[in-house]
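Asks: First the structure, which I've put down as structure tokens, then a few questions once you've had a look.
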Amino acid sequence: MDLGIEHKRAAVAGASSGLGYASAAALVAAGATVAICGRDHDRIHAAATELGPAALPIVADVGSAEGGRRFVAEATERLGGLDILVPNAGGPPPGNFTTTDLEAYVPALELNLLSVVGMCTEAVPHLRAQGWGRIVAITSLSVRQPIANLILSNTARAGVTGFLKSLALEIAADGVTVNSVQPGLHDTDRLRSLYGGDASGAGADIPVGVVGRPEDFGAVVAFLCSDAARFITGAAIPVDGGANRALL
């Protein structure tokens, strides 16, 4: 399927591995030029090498509003403009209400909420000015179904979902769509590390019976960036193999 984004310019945060990398790979496969970032110089350059000449590595920490803004600013400069933004970041430390200190909430909100606000603050004026743009944020299934012992992530990602929905409504008439994708369990390095190197056992409680493939997740992100997805905005889409049991 031709997604209609050949020669578009994309910035994908947290893309040295996992779902960020898979999203960048799907955009490259669709013909986009993609700036990717990560904190580790060697890892992000290795990822760019794997993706090929259409990938530009940027060493950046998007764990704060200013870090997110700087990444998008550098990506826009190096790409000569910007059409697509995929905000993404890792999660804060685990814990529940009893075990989590009040002071832990501020850095969690910086990481998973304010970093996205910073990226959008830098990107949106460019997208609006040209009358076309796509923002597709990677969040978490925990927005719909809070995950036990992840109170910081549950809180911050719910907040960013509210921000993205508000932004979507505000800029919809400018030709810019804003959506989020909520991953369930996927076969990433992080998940394999939690399961001793083999994540297949994590699929036992998923209705489809297996964990997701990162490349399939990336394909959903790429579609939401496509011209065909022009009428989809303000959506928060679970990609979870049916793990979310809610009606809505």
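Asks: Are any of the residues in the range 193-200 over 22 Å from GLN130 (Cβ atoms), small (Gly, Ala, Ser) and surrounded by 17 or more Cβ atoms within 10 Å (Cβ to Cβ)?
Replies: Yes, the range 193-200 has at least one match.
Asks: Among the numbered criteria (1) touching a strand residue (DSSP E or B) at 6+ places or on another chain (Cβ under 9 Å); (2) on the phi < 0 side of the Ramachandran plot, which single criterion is violated by GLY80?
Replies: Only one criterion is unmet by GLY80, namely (2).
Asks: Regarding the range 206-229, can at least one residue be identified that is outside any loop (DSSP other than H, G, I, E, B) and over 15 Å from the mean Cα position of the chain (by Cα)?
Replies: Scanning the range 206-229, I find at least one residue that is outside any loop (DSSP other than H, G, I, E, B) and over 15 Å from the mean Cα position of the chain (by Cα), so the answer is yes.
Asks: Okay, moving on. Could you go through the range 221-228 and let me know if any residue there is within 26 Å of ALA104 (Cβ to Cβ), surrounded by 19 or more Cβ atoms within 10 Å (Cβ to Cβ) and modelled with pLDDT of 95 or more.
Replies: So far as the range 221-228 goes, no, none of its residues is within 26 Å of ALA104 (Cβ to Cβ), surrounded by 19 or more Cβ atoms within 10 Å (Cβ to Cβ) and modelled with pLDDT of 95 or more.
Asks: Could I ask something else about it? Residues in the range 82-138 that are acidic (Asp, Glu) and free of Cβ contacts under 8 Å to residues at least 40 places away in the same chain: how many?
Replies: 2
Asks: Same structure, new question: Name the one entry in ALA25, ALA48, ALA35 that is within 27 Å of GLY212 (Cβ to Cβ), in a helix (DSSP H, G or I) and touching a strand residue (DSSP E or B) at 6+ places or on another chain (Cβ under 6 Å).
Replies: Of the residues listed, the single one that is within 27 Å of GLY212 (Cβ to Cβ), in a helix (DSSP H, G or I) and touching a strand residue (DSSP E or B) at 6+ places or on another chain (Cβ under 6 Å) is ALA48.
Asks: Among the residues of the range 60-100 satisfying the criterion of being outside any loop (DSSP other than H, G, I, E, B) and small (Gly, Ala, Ser), which is farthest from ILE5 (Cα to Cα)?
Replies: Going through the qualifying residues, I end up with GLY95.
Asks: Further question: Say we look at the range 19-40 and pick out the residues that are within 19 Å of ARG190 (Cα to Cα) and surrounded by fewer than 19 Cβ atoms within 10 Å (Cβ to Cβ); which of these is nearest to the chain's Cα centre (by Cα)?
Replies: Step by step, filter the range 19-40, then rank; the result is ARG39.
Asks: Within the range 49-64, track down each residue that is among the small types (Gly, Ala, Ser) and surrounded by fewer than 24 Cβ atoms within 10 Å (Cβ to Cβ).
Replies: Those that are among the small types (Gly, Ala, Ser) and surrounded by fewer than 24 Cβ atoms within 10 Å (Cβ to Cβ): GLY52, ALA54, ALA60, GLY63, SER64.
The values are calculated or read from the model by the stated rules, or taken from the named source; none is laboratory data. Everything numeric here is computed off the predicted structure, so don't read it as measured data. Using ideal geometry, Cβ is built from the backbone for each residue, glycine included, and neighbour counts are taken over all protein chains shown.
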